[in-house]
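Visitor: My structure is below; once you've seen it, I'll send some questions.
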Amino acid sequence: MTTYRSYIAGRWIDSTSGKTLPNINPADTNDIIGHAQMCTREEARAAIEAAYDAFKSWRKVPAPTRGRMLTLMARAMEERKEELAQLLTHEEGKTIAEARGEVQRATNVVEFCAGEARRFTGETLPSELPNNWAYTIKEPHGVVGLITPWNFPIAIPVWKIAPALAAGNTVVFKPASNTPATAVRLVEMFIEAGVPEGVLNLVIGSGSVAGDEIGNHPAVRAVSFTGSSEIGFKLYQQVAKRGIPFQAEMGGKNPVVVLEDCDIDLAVEHTASGAFGSTGQRCTATSRAVVVDKIADAFVSKIVERAKAYKLGSGMDPATDIGPSVDEAQFNTVLRYMDIGKEDGATLLCGGKRAEGEGLENGYFVEPTVFDHVTPDMRIAREEIFGPVLSVLRVKDLDQAMEVANDCEYGLSSAVFSNDYNDITRFVNEIESGMTHVNSPTTGGEAHIPFGGIKATGIGAREQGSTSLDFYSELKVVYVDATGRKREGNLY
Ligand code: NAP
């Protein structure tokens, strides 16, 4: 049986807490993959102190040399893609095709950040005085705390660790408690790529212990969080008291707006893949379809047909379309929302319960679910479910569609399906989301393109792409006077 341990100051340590958490295959709860040793507060503190000590030398390593380590990491990820994907499917439950996609995206991010280390540039600025100029330098913060969720347990840690290291910070990484296996493997690979002792520390521990320590410890100079809005806002308050930079990507309730003149088959296919793919456990998952009345009946009947056609099962089986919910708590949350939808008066068209059948007996499987005639005030129209549940809201026209789509506390992703250029342009200009898609799913992203949301979804600088290193660096401005003489007059 594998034991997952924290990695502190260059050593895998045995926790003194005595507390362990089983790592359970969500497709088959009889399959215990390993046990995580949950760290104590003192151990989390030791990880922060190790990162603090290591910063003194790591900040002096030239940025291109730091980037070189990331290049080696990207190569190793490429070589071990299948092994990483299988571990991810085993632990988190997504299908093997989805897992391969996640590993590839993570590899692309590391590759991109390796290049960004060589482009860690400032600007040179002229002065109003002769023989004077100014320039800017980007510098790391010091110790950064990175707290990540379970739903992309390879890609999300990597899209925080790689830019943090490229910019010269040292890291304390706290993964979600239910995905320790992928976290340990990633850290092992960063070490093999040459990341020195103390520069990258892993704390396997609960949010209320290890996460809380990261939020409070004075040596942590910036915190990047991805997870629920509830935890993110709580952590924001904690971190704000210390006046340090904070970045958070949180919940979503992403709408697609389906207009009369769209290609309806395309709209159905992309809405279904956005809603049910990855078991609905993507922050960018489609959870609301806002559909104009004239095509609503046709849209609804096609999407129900599509939802019923998916094959559920273990993600290891290449024939599987949809894997299980990640764990018992998430499984129960999704079932509870299905009941809430029924109680609130939405029309259940398919799904709405635990999935049964051969091979599904011991896993957290739920049926892909479509609710019709959902109204904007219902909880299934407003709250993030994080399961394969689609709420269809019928509207009379684009005006009402915009009102309904924007009537939401979150603002991560969105999509429009239409062939009318003017309507598409209006949608793009008026939709309140950090990312939007035209005739494509609400999900997906690319390593070189910034990612993130607005409203209750996102706080701080965007992750990935040209903005990757913004959060992880400070700007220093340097004024140079090359005259060698006492200045006459002043600069204001
Ligand atoms: P979560 O419950 O908020 O947990 C996220 C992380 O925070 C975990 O590592 C968790 O540790 C830790 N944590 C819990 N309590 C904490 C505390 N008091 N202080 C500091 N850290 C604490 O979220 P989740 O269930 O793992 O992930 C699902 C959520 O993530 C969804 O809301 C989804 O939309 C969001 N998400 C957003 C994006 C985006 O880019 N917008 C991407 C992916 C996911 P434990 O595991 O030990 O509790």
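Visitor: From the list Pro149, Pro157, Pro163, exactly one residue is in contact (Cβ under 8 Å) with a residue 12 or more places away in the chain and in a loop (DSSP other than H, G, I, E, B). Which is it?
Guide: Pro149
Visitor: Which residues, counting only those in the stretch 438-454, are within 15 Å of the ligand (Cβ to nearest atom), of a type outside the set (Val, Ile, Thr) and under 14 Å from Asn254 (Cα atoms)?
Guide: Hits for the stretch 438-454 are Gly444, Gly452, Gly453.
Visitor: Enumerate the pairs (first residue in the stretch 232-245 and β-branched (Val, Ile, Thr); second residue anywhere and open to solvent by less than 60 Å² (accessible area, probe 1.4 Å) and more than 10 Å from the ligand (Cβ to nearest atom)) with beta-carbon separation below 7 Å, excluding pairs fewer than 6 apart on the same chain, so at least 6 apart or on different chains.
Guide: So the pair list comes out as Val239/Phe246; Ile244/Ala222.
Visitor: Filter the stretch 340-363 down to the residues that are part of a helix (DSSP H, G or I) and open to solvent by 70 Å² or more (accessible area, probe 1.4 Å), then identify the one that is farthest from Arg394 (Cα to Cα).
Guide: Glu343
Visitor: In the stretch 438-454, how many are touching a residue at least 24 places away in the same chain (Cβ under 8 Å) and either under 24 Å from Leu165 (Cα atoms) or not in a loop (DSSP other than H, G, I, E, B) (or both)?
Guide: 8
Visitor: Condition first: without any contact (Cβ under 8 Å) to a residue 12 or more places away in the chain and not in a loop (DSSP other than H, G, I, E, B). Now tell me which residues in the stretch 310-339 satisfy that.
Guide: Correct list: Ala329, Asn332, Arg336, Asp339.
Visitor: Let me ask something additional. Within the bounds of the stretch 255-262, is there any residue that is modelled with pLDDT of 95 or more, under 21 Å from Thr333 (Cα atoms) and not aliphatic (A, V, I, L, M)?
Guide: yes
Visitor: Here's a follow-up. Which condition number does Ala193 fail, the rest of (1) buried (at least 24 other Cβ atoms within 10 Å of the Cβ); (2) in contact with a Leu (Cβ under 7 Å, 6 or more places away or on another chain) being met?
Guide: (1)
Visitor: On to the next question. Which count do you get for residues in the stretch 455-492 that are assigned to a strand (DSSP E or B), open to solvent by less than 60 Å² (accessible area, probe 1.4 Å) and within 16 Å of the ligand (Cβ to nearest atom)?
Guide: Within the stretch 455-492, residues that are assigned to a strand (DSSP E or B), open to solvent by less than 60 Å² (accessible area, probe 1.4 Å) and within 16 Å of the ligand (Cβ to nearest atom) number 3.
Visitor: Pairs, please: C-beta under 6 Å, at least 6 apart or cross-chain, first residue on the phi > 0 side of the Ramachandran plot and in the stretch 464-483, second aliphatic (A, V, I, L, M) and surrounded by 18 or more Cβ atoms within 10 Å (Cβ to Cβ)?
Guide: No pair meets every condition.
Visitor: While we're on this one: Can you list the helices (runs of 4 or more DSSP H) found entirely within the stretch 24-139 that contain at least 3 residues being at pLDDT 95 or above and under 23 Å from Tyr364 (Cα atoms)?
Guide: Qualifying helices (runs of 4 or more DSSP H): 81-92, 96-118.
Visitor: Would you tally the residues in the stretch 233-267 being β-branched (Val, Ile, Thr), closer than 29 Å to Ala401 by Cβ and either surrounded by fewer than 24 Cβ atoms within 10 Å (Cβ to Cβ) or within 10 Å of the ligand (Cβ to nearest atom) (or both)?
Guide: Looking only at that region, the number is 1.
Visitor: Of the numbered conditions (1) in a loop (DSSP other than H, G, I, E, B); (2) open to solvent by less than 20 Å² (accessible area, probe 1.4 Å), Val416 fails exactly one; give the number of that condition.
Guide: Condition (1) is where Val416 drops out.
Visitor: Ok, one more. Collect the residues in the stretch 191-232 that are of a type outside the set (Phe, Trp, Tyr), near the ligand (Cβ under 10 Å from one of its atoms) and in a strand (DSSP E or B), keeping them in residue-number order.
Guide: Val223, Thr226
Visitor: Which residues, taken from the stretch 274-323, are over 23 Å from Leu335 (Cβ atoms) and open to solvent by 20 Å² or more (accessible area, probe 1.4 Å)?
Guide: If the condition is that a residue be over 23 Å from Leu335 (Cβ atoms) and open to solvent by 20 Å² or more (accessible area, probe 1.4 Å), then Asp293, Lys294, Ile295, Asp297, Ala298, Ser301, Lys302, Glu305, Met316, Asp317, Pro318, Ala319 are the ones that fit.
The values are calculated or read from the model by the stated rules, or taken from the named source; none is laboratory data. Being a predicted model, the structure only gives us computed values, none of them experimental. Cβ atoms come from the backbone with ideal geometry, glycine included; neighbour counts cover every protein chain shown. Side chains included, ligands, DNA and RNA excluded: accessible areas come from the protein's heavy atoms. Shrake-Rupley method; radii C 1.70, N 1.55, O 1.52, S 1.80 Å.
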